[in-house]
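Read the structure below first, then the notes.
The values are calculated or read from the model by the stated rules, or taken from the named source; none is laboratory data. Since the structure is predicted, the reported quantities are computational estimates derived from the model, not experimental observations. Here the Cβ positions follow ideal geometry from the backbone for every residue, glycine too, while neighbour counts run over all protein chains shown.
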Amino acid sequence: MKRWIVAVATVIGCVAVAGMQAQPAKGKRINRAIELLTETELELKVVARRAGFGTQSYMNAVFKERLGKTPGSFRRAGRPGSINRDTGILPV
């Protein structure tokens, strides 16, 4: 019986921790994608995988949500900058 209780507590803890860290993780992924977009000519699907998004469509959705533009339009705009210390995200 003890094993089952520990397993449930562990699962509940993992879910809670994963939910709390979702936003900072997205910011780190966005910053990594921005680095790759500004410093390389990698295809967008490769940028998405290397930045940790898994798919290009998910990276596109997160970029639109956070930055108001797609990764492709961000790259075309060519506006590299420094990381905003308050948000941890590069300015657009």
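Scanning the range 32-48 for residues that are part of a helix (DSSP H, G or I) and either of a type in the set (D, E) or loosely packed, with under 15 Cβ neighbours inside 10 Å (or both) yields E35, T38, E39, K45, V46.
Taking the criterion of being part of a helix (DSSP H, G or I), in contact with a helix residue (DSSP H, G or I) (Cβ under 9 Å, 6 or more places away or on another chain) and either of a type in the set (A, V, I, L, M, F, W, C) or modelled with pLDDT of 95 or more (or both), the residues of the range 57-71 that qualify are S57, Y58, M59, N60, V62, F63, L67, P71. Annotation note: Cβ proximity below 8 Å between a residue of the range 45-72 that is small (G, A, S) and a residue that is outside any helix (DSSP H, G or I) (sequence gap 6+ or interchain) occurs for A48/G54; A48/T55; G68/V92.
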